[in-house]
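The values are calculated or read from the model by the stated rules, or taken from the named source; none is laboratory data. As the structure is a computational prediction, the values presented were derived from the model and not from experiment. Cβ placement follows ideal geometry from the backbone for every residue including glycine, while neighbour counts extend to all protein chains displayed.
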Amino acid sequence: MLQKLRVPLGFAIAPAVLYFADPTIPSILLGLPVALVGAGFRALAAGVIQKDSSLATSGVYALTRHPLYFGSSLLAVGFAIMSASETAAALLLVPFIVIYPTVILREEARLESRFPDEIRPYKATVPRFFPRFTRRFRPSFSFDQYLLNREYNTALGFVGALGVLILKWWLR
C-alpha cells in the first residue's frame, strides 16, 4: 500500500511545498547541488535497472542497494534547503522518513523471493541505503534503459520545481 502511495503523495504535496517555499539566492545555491546529485544518482540508477527481469548490481547499484531511493532522498533534502521554509521542508522530509523505510524493506523481501541466489552475496557486500564510495565499481549506464524507465520525468519535474522556486524568489 505504501509503495503505491508514495508517488501520488508526492504529487499532492508538491503544490503545498511550492506554496510555502520562501526561496532566497543563498538557499537555492546551497540546496541546488544536493538536489543535482540526487537527480544524478536517480538517472544513473535508471540507466541500469531492468525492473523485475534481473537484479541490478552494477553501476551505482554497486555502491548502494537502493540508489533510486537514495537519489530521491537527496532531491528532497535539496529542495527542502532551497525552499528556505520549515513548513515546506517538513512537507518534503516527513513523508519520506515515514514511508521509505517500509518501502525499502518490502522491496528487499520481494527481491529475496525473486532472486534468492543472487541477492545474498549482494546484500553481504553492498550497503542498504547510504552508498559506500570506497568500493570500486564498474560504471554501467544505458541511455535507452534510462528512457525506458521514463526517468526523464524526474528531470522535467526538477526543472519545473526549480523554475517555480526561482520565479518565487524573483517576484519577491
Look through 45, 35 and report the one residue that is of a type in the set (Gly, Ala, Ser), modelled with pLDDT of 95 or more and either assigned to a loop (DSSP other than H, G, I, E, B) or farther than 17 Å from residue 105 by Cα (or both). 35
Considering every residue within region 94-110, establish whether at least one is among the β-branched types (Val, Ile, Thr), surrounded by 15 or more Cβ atoms within 10 Å (Cβ to Cβ), under 17 Å from the mean Cα position of the chain (by Cα) and over 21 Å from residue 13 (Cβ atoms). no
Name the residue, out of 79, 20, 41, that is aromatic (Phe, Trp, Tyr) and over 14 Å from residue 165 (Cβ atoms). 41
Residues of region 95-142 satisfying the condition of being without any contact (Cβ under 8 Å) to a residue 24 or more places away in the chain and either under 15 Å from residue 70 (Cα atoms) or in contact with a strand residue (DSSP E or B) (Cβ under 7 Å, 6 or more places away or on another chain) (or both): 97, 98, 101, 105
Scan of region 52-94 for residues that are charged (D, E, K, R) and either in a helix (DSSP H, G or I) or touching a strand residue (DSSP E or B) at 6+ places or on another chain (Cβ under 7 Å) (or both), ordered by number: 86
